[in-house]
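Asker: First the structure, which I've put down as structure tokens, then a few questions once you've had a look.
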Amino acid sequence: RMAAAPPSYCFVAFPPCSKDGLVVFGKNSARPRDEVQEVVYFAAAAHDPGSKVECTYIEIEQVPKTHAVVLSRPSWLWGAEMGANEHGVCVANEAVVTREPASESEALLGMDLVRLGLERGATAKEALDVIVALLEEHGQGGNYYEDGSSCHTFQSAFLIVDRNEAWILETSGKYWAAEKITEGVKCICNQLSLTTKIDAEHPELRNYVRSQGWWNGDSDFNFSEVFSLADDHLACCSGRESLEKQGGDVSAQAMIDVLRDKDSGVCVDSESFLTTASIVSVLPQDPSFPCVHYFTGTPDPSRSIFKPFIFVDDVKLVPKVQSPSFGNDDPAKKIPRFQEKPDRRHELYKAHEWARSLLESDQDKGQKLMRIMLDLEKQGLEAMDDILTRTEVLDPAEVVDLFYDCVDTELKFFK
């Protein structure tokens, strides 16, 4: 039996459902409970001709220039679960199971494709083109988890968003289809969602599924029906209704509230899986305003706070949300892989473990701490609202330490 894919949820809301000409993006990353996620920034860079880039499992050709990116990622791998680049492109991925078994042989992970799309695409459509070209060239495959005892493989779906449009990209092996979204609210989770509205696809997609006997060519071509396992195609998303209920007022706060909701199942906290990190991004459709990206960097958004990040030159790095690096001694880099699990916890993660034990042992103190934390978050959200509504241009010096200071303040409260 194929292991179930972890139930992550990704959302995007466009005007008129969202507030004041803003596109709002969000994702909860559901992963194995004990996995640590870090938040890392990589500056834009120029690369020598012929240089290579070492992804999680394979090496591929580097491009002449990569964009600046901020990523939330399981700290053992190269790619990312979700992130953004300096051009206001956001990408998140979902592990999906299709009728085609995912390959165990090491290739690109869906998470590598998230980072590659962000590093190489200045618009959502460019990021999509990058991802499908790399899929064609290198394929997808390899273990999704840091697990030496068994190989967990999945196909990938992606939500790719910029200030103007979003693309839902769903894949099976190297075959893919995509739908363009420019209004309303959309949710994707860990199963195929594309039906008959397909705006771009692999040139051989229909011939391939015909040759497999999965589609006769007479009926409408429905991607999910053709590629899903027979019993797997359920209506996905409980979080979408909560966003639609906001009636034209989806803001960063509304997206955060949806991501924190355990009753709806959007905030996963089960025996095997936990929401190990979350992101919310606000992308103003007017390009004279900056995009704001909020990261938790810690598990369970209902007990974490969303901290803002804005791209500016020389943005201050935040080692306290970065996991220790083990270089070439990392068991994820040695073959056979994952023979041991090093301690990947970063400073903020450890502080959260302490806070969690406090919440569980002394409820009054725990609740009080949580109230202080949420107040801190609210101050951040209000300061960002101010930046997104004022008329004068943002002075980069004002936000160069933004994410650093938020993490620092959060740690001080724990001390």
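The values are calculated or read from the model by the stated rules, or taken from the named source; none is laboratory data. Please read these numbers as outputs of a predicted model, since none were measured by experiment. Because the Cβ atoms are built from the backbone with ideal geometry, glycine has one as well, and the counts that use them run over all protein chains shown. These area figures cover heavy atoms from the full protein model, side chains too; ligands, DNA and RNA do not enter into them. Shrake-Rupley method; radii C 1.70, N 1.55, O 1.52, S 1.80 Å.
Asker: Heavy atoms only, 1.4 Å probe, whole protein assembly: order Cys189, Cys17 by accessible area, highest first.
Answerer: Largest accessible area first, the list is Cys17, Cys189.
Asker: So, with a 1.4 angstrom probe, what is the percent of accessible area on region 9-414 that is carbon and sulfur?
Answerer: On region 9-414, the fraction of accessible area on carbon and sulfur atoms equals 47 percent.
Asker: In the set (i) 25.4; (ii) 22.3; (iii) 21.6, which value of Kirkwood radius over Cα pairs in Å was calculated from the structure you see?
Answerer: Computed from these coordinates, Kirkwood radius over Cα pairs in Å corresponds to label (iii).
Asker: Just order 392-402, 60-70 by mean Cβ neighbour count inside 10 Å, highest at the front, would you?
Answerer: Working: 392-402: 13.3, 60-70: 17.5.
Packing order, densest peptide first, comes out as 60-70, 392-402.
Asker: May I pose another question? Helix hunt in the chain: which complete DSSP H runs extend at least 20 Å axially by C-alpha with mean Kyte-Doolittle at least 0.0? Present the calculation step by step, with values, prior to reporting the outcome.
Answerer: Numbers: long enough: 124-138 (21 Å, 0.57); 347-361 (21 Å, -0.73); 363-389 (38 Å, -0.51).
Long hydrophobic helices here: 124-138.
Asker: In Å², and per residue, what accessible area does region 9-414 have when probed at 1.4 Å with the other protein chains present?
Answerer: 41
Asker: While we're on this one: So, in Å, what gap is there between the alpha-carbon centers of region 307-356 and region 72-100?
Answerer: Measuring centre to centre over Cα atoms gives 16 Å.
Asker: Relative contact order for the chain: what is it in percent, counting Cα pairs under 8 Å that are at least 6 residues apart?
Answerer: 18
Asker: Near Arg33, within a Cβ-to-Cβ distance under 11 Å, what is the net charge of the other residues, with Lys and Arg +1 and Asp and Glu -1?
Answerer: Working: positive: Arg31; negative: Asp34, Glu35, Asp269, Glu271, Asp300.
Here the count lands on -4.
Asker: Would you mind telling me which residue in Pro101, Pro308, Pro49 has the biggest mean-square fluctuation in a Gaussian network model of the chain, where springs connect alpha carbons within a distance under 10 angstrom?
Answerer: Between Pro101, Pro308, Pro49, it is Pro49 that shows the largest mean-square fluctuation.
Asker: If a paramagnetic tag sat 7 Å from the Cα of Lys350 along the Cα-Cβ line, which residues of region 274-305 would have the backbone N under 11 Å from that point?
Answerer: The answer is none.
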